[in-house]
Amino acid sequence: MKQNEGAALGAIWLDASLIAHEFIQPEYWHSNLSAMVTQYIPGAETFVHEAEGEVDGFISIVNSDSIAAIFVAPTRQGHGIGGALIAFAKEKFTSLSLTVYSKNTKSRAFYESHGF
């Protein structure tokens, strides 16, 4: 992750979180945006996906084995970006784990289709 990408990653995180987690109040996501950009993303090994010079997704790994975050811009979802990020992480790290909200059925199906 480049130093100036924090705002772009924060925007992707917020937009995707609001859509994927309709069972959580939007205020929660808005109130955690600053911490995500200034603490959580920089505190992880974060890798971005770019298309035509624009960041459109990212994956963050903590403790060399846990996917802490994987988010794709809503307008770019369904184009294989999430799968590419998972494949990249599986090549780079020997073992990966993750947690996901049980109510987030779309993400659960995505992870299951990628071997989790």
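Would you please name the chymotrypsin sites (Phe, Trp or Tyr not before Pro) within the range 1-96 that are DSSP coil residues with at most 10 other C-beta atoms within 10 Å of their C-beta?
Here the chymotrypsin sites (Phe, Trp or Tyr not before Pro) that fit, given the DSSP loop and packing criteria, are Phe23.
Do any GluC sites (Glu not before Pro) in the range 1-79 lie in a loop, going by DSSP, with at most 12 other beta-carbon atoms within 10 Å of their beta carbon, and if so which?
Those satisfying the criteria are Glu22, Glu52.
What is the percent carbon and sulfur in the accessible area of the chain, measuring with a 1.4 Å probe over the protein chains and ignoring ligands?
The C+S portion of the solvent-accessible surface of the chain is 51 percent.
Would you work out the charge dipole size for the chain about its Cα centre, treating the Cβ of every Lys and Arg as +1 and the Cβ of every Asp and Glu as -1, and quote it to the nearest 20 debye?
The dipole of the chain has a size of about 280 debye.
Would you calculate the separation in nanometres between label points at Arg108 and Thr75, each defined as 7 Å from the Cα along the Cα-to-beta-carbon direction?
Modelled inter-label distance: 3.2 nm.
Sorted from largest down, what three extents in whole angstroms do the Cα atoms of the range 1-61 have along their principal axes?
31, 24, 18
Starting from the alpha-carbon convex hull of the range 45-105, give the projected area averaged over all orientations, in nm².
4.5
Using a Cα-Cα cut-off of under 17 Å, which aspartates and glutamates could be cross-linked to Lys90, ignoring same-chain neighbours fewer than 8 residues away?
Glu45, Asp65, Glu112
Given a 1.4 Å probe, how much area per residue of the chain is accessible, in Å²?
On a per-residue basis, 59 Å².
From zero outward in steps of 5 Å, how is the percent of C-alpha pairs of the chain spread across the bins?
Per 5 Å bin, starting at 0, the Cα pair percentages come out as 2, 11, 23, 26, 23, 13, 3, 0.
Note the full-extension length gain between Ile19 and Leu33 as 0.36 nm times their separation in residues minus their Cα-Cα distance, in nm to one decimal.
3.6 nm
The values are calculated or read from the model by the stated rules, or taken from the named source; none is laboratory data. Everything quoted here is computed from the prediction, not taken from an experiment. Cβ sites come from the backbone with ideal geometry, for glycine too, and all protein chains shown count toward neighbours. We work out accessible area using only protein heavy atoms, side chains counted, and drop any ligands, DNA or RNA first. Shrake-Rupley method; radii C 1.70, N 1.55, O 1.52, S 1.80 Å.
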